[in-house]
1. Since ALA54 meets every condition but one in (1) out of contact with any Pro (no Cβ under 9 Å at 6 or more places or on another chain); (2) within 21 Å of ARG20 (Cβ to Cβ); (3) touching a residue at least 40 places away in the same chain (Cβ under 8 Å), which condition does it not meet?
2. Are there any pairs with C-beta distances below 7 angstrom linking a residue in region 79-92 that is more than 13 Å from ILE11 (Cβ to Cβ) to a residue that is of a type in the set (A, V, I, L, M), with the two at least 6 apart or on different chains, and if so which?
3. Out of the residues in region 64-76 that are surrounded by 13 or more Cβ atoms within 10 Å (Cβ to Cβ) and of a type outside the set (Ser, Thr, Tyr), which is farthest from ARG20 (Cα to Cα)?
4. Of all the residues that make up region 80-103, how many are over 19 Å from GLY35 (Cα atoms) and touching an Asp or Glu at 6+ places or on another chain (Cβ under 8 Å)?
5. Can you tell me which residue in region 42-63 is nearest to ARG84 (Cα to Cα), limited to those that are of a type in the set (A, V, I, L, M, F, W, C) and open to solvent by 20 Å² or more (accessible area, probe 1.4 Å)?
Amino acid sequence: QHYIAGQEISIDCYALADGRLAACVPRKRLIVRDGECVAGEVIHAPELVAVAQALARTMRFRGVANIQVITTAQGPQLIDLNARFPGGIAITETAGYPMIEWTVSELFGEAFDVSAASRIRSAAAET
């Protein structure tokens, strides 16, 4: 993989069983230790939400997924797609996106509500 200059961004997503992207939380990786984000900032980034929505449709992932991009003058450059909880999940959870709870609820066939705060709003209210 060649070097890409720019800001690294993680996009934490939650896709429902029917394929809809129910939550999308872009965040800057401010402090990274041993490859894990230990400090970050949730950001408003509609262009990154669009990238996540396109990947969700194409890849048809379900549950939690983490997308990593580097933002450049040419647009976001995809560098990683992880079908797992991200290392920085605590930042997403603290911002009001209980993806762990949603996952457990879905695994046990329990109803859960992702619409209460219009979750796909690109985390605009948290910035």
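1. Result: ALA54 passes all but (3).
2. ALA83/ALA65; ARG84/VAL64; PHE85/VAL64
3. Taking region 64-76 first, the residues surrounded by 13 or more Cβ atoms within 10 Å (Cβ to Cβ) are 64-71, 76.
Add one more test, that the residue is of a type outside the set (Ser, Thr, Tyr), and what stays is 64-70, 76.
Values: VAL64: 12, ALA65: 13, ASN66: 15, ILE67: 16, GLN68: 20, VAL69: 21, ILE70: 24, PRO76: 22 Å.
Per the criteria, the residue is ILE70.
4. Here is the first cut: in region 80-103, the ones over 19 Å from GLY35 (Cα atoms) are 93-103.
Narrowing the set further to residues that are touching an Asp or Glu at 6+ places or on another chain (Cβ under 8 Å) leaves 95-97, 99-100.
Qualifying residue count for the region: 5.
5. In the first step, residues of region 42-63 are kept if they are of a type in the set (A, V, I, L, M, F, W, C); the result is 42-43, 45, 48-52, 54-56, 59, 61.
Now restrict to residues that are open to solvent by 20 Å² or more (accessible area, probe 1.4 Å): 43, 50-51, 54-55, 59, 61.
Details: ILE43: 21, ALA50: 20, VAL51: 18, ALA54: 18, LEU55: 15, MET59: 14, PHE61: 10 Å.
Result: PHE61.
The values are calculated or read from the model by the stated rules, or taken from the named source; none is laboratory data. Quantities reported herein were computed from a predicted structural model and do not represent experimental measurements. So basically every Cβ, Gly included, is an ideal-geometry build from the backbone, and we count neighbours across all protein chains shown. Quick note on the areas: whole protein, heavy atoms, side chains included, nothing else; ligands and nucleic acids left out. Shrake-Rupley method; radii C 1.70, N 1.55, O 1.52, S 1.80 Å.
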